[in-house]
1. Run through the DSSP bridge list for the chain and note the antiparallel percent, rounded to the nearest 5.
2. Rounded to the nearest 10 degrees, what's the angle between the helix 324-336 long axis and the longest principal axis of the chain, both from Cα atoms, 0 to 90?
3. What percent of all Cα-Cα pairs in the stretch 107-160 falls in each 5 Å bin, counting up from 0?
4. What relative contact order, as a whole-number percentage, does the chain give when Cα pairs under 8 Å and 6 or more residues apart are counted?
5. Please report the spacing between the Cα centers of the stretch 333-373 and the stretch 46-101 in Å, no decimals.
6. With no solvent and one point on each alpha carbon, what is the Debye value of log10 I(q)/I(0) for the chain at q = 0.14 Å⁻¹?
7. For the stretch 151-316, what relative contact order do you get, as a whole percent, if you take Cα pairs closer than 8 Å and at least 6 residues apart?
8. How many percent of DSSP beta bridges within the stretch 151-316 run antiparallel, rounded to 5?
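Laboratory data are not the source of any read-out in this text; all were calculated from the coordinates shown. Here the structure is a predicted model, which is why all the values come from computation and not from measurement. Here the Cβ positions follow ideal geometry from the backbone for every residue, glycine too, while neighbour counts run over all protein chains shown.
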Ligand SMILES: NC(=O)c1ccc[n+]([C@@H]2O[C@H](COP(=O)([O-])OP(=O)(O)OC[C@H]3O[C@@H](n4cnc5c(N)ncnc54)[C@H](OP(=O)(O)O)[C@@H]3O)[C@@H](O)[C@H]2O)c1
């Protein structure tokens with residue numbers, strides 16, 4: 001198709017990895033001019049997207065310091081997941097057309113992907129993705145919601161349903177429930193008919209989590225504001241008729257993991273989703289190793305007959321690609337029926353990408369945070 005004449009724009013560049021995400025945000029990320037990619041240089045199956053919204057995710061932050069499992073080669077543009085409008089498509093792309101709203105699959109394009117499209121993140125006016133990564137925007141979703149869909153909800157489905165085998169009528173304790181994957185887990189657990197107990201550190205955020213579907217919320221801050229979490233096992237026992245929960249979904253790690261083991265019933269399942277409270281498990285600047293790794297008490301696990309399961313969505317899917325099609329089918333059916341809508345609490349213009357990333361790092365966000373070029 002004829003090359004359009006597109007105005008220049010901007011993109012964020014990570015010039016080198018930081019010691020920590022905050023170091024990277026303060027010193028190694030800049031907004032630079034970006035000419036529109038020239039379609040003459042693109043392939044027949046490429047799609048050029050004018051980005052409207054890009055998710056600011058926890059993984060986007062960790063990648064800037066190389067403390068995430070997948071190392072991006074610098075310089076790169078962050079923004080694993082984004083949504084926008086097709087500005088040009090290669091002659092072999094038939095499923096979308098110029099002007100159509102789309103969202104991009106962060107497994108197959110962008111800085112988290114493994115192939116040639118890593119250079120194009122969503123923190124930019126334009127991005128290029130292969131046809132297979134580009135999906136039509138469902139009419140039920142806005143650009144902001146669509147770029148907060150796949151990573152968060154596929155994680156929730158993989159962890160809770162594929163790994164955790166959560167059933168209707170069971171009770172699940174969700175740590176970090178105000179977070180992107182945590183709130184997705186609240187939605188997914190309610191959709192399969194489970195009772196949800198949600199933890200968090202802020203009454204205001206927990207009120208939103210409850211409005212989003214959690215049956216019970218528990219503030220886990222210590223009474224005197226000191227580090228760590230308060231003892232909340234009695235609250236959980238009281239809410240579960242003295243029995244304890246069937247499943248824990250733990251995206252927080254550290255002290256809350258140990259308290260949550262105490263909240264499980266005998267024979268319960270503990271799902272390790274992440275460690276938002278201890279992001280410096282690995283060394284900064286992309287040095288590998290895990291000097292600050294979280295540890296769990298084997299005595300509690302043993303005596304309560306618990307199953308502890310690590311639930312890495314991307315790695316499990318790379319090991320067994322057959323996991324993904326049924327997961328996507330289930331997720332998209334919920335979207336189509338109107339049963340599921342990602343919640344996005346914070347929206348920033350791309351020019352304020354640093355403030356957006358700081359808001360996400362501080363934990364101001366409930367559900368999703370986006371930047372709009
Ligand atoms: N297993 C997987 O496949 C997979 C996929 C994606 C992400 N993850 C991991 O899952 C974890 C959560 O990701 P996310 O995207 O949901 O992150 P997020 O949006 O930042 O949410 C994390 C939540 O944890 C809570 N939290 C409790 N203590 C905290 C502390 N000391 N510092 C910061 N947050 C704290 C916060 O809620 P309150 O402020 O309400 O307490 C926050 O909303 C991360 O470790 C991420 O790497 C795993």
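1. Details: 29 of 55 bridges.
Just about 55 percent of them are antiparallel.
2. Around 90 degrees separate the two axes.
3. P(r) for the stretch 107-160, in whole percents per bin: 4, 17, 22, 28, 20, 8, 2, 0.
4. Working: 870 pairs, mean separation 64.5, N = 373.
Reported as a whole number, the value is 17 percent.
5. 15
6. Calculated log10 I(q)/I(0) at the listed q: -1.17.
7. Numbers: 330 pairs, mean separation 33.2, N = 166.
It comes to 20 percent, rounded to a whole number.
8. Details: 0 of 21 bridges.
Bridges in the stretch 151-316 that DSSP calls antiparallel: roughly 0 percent.
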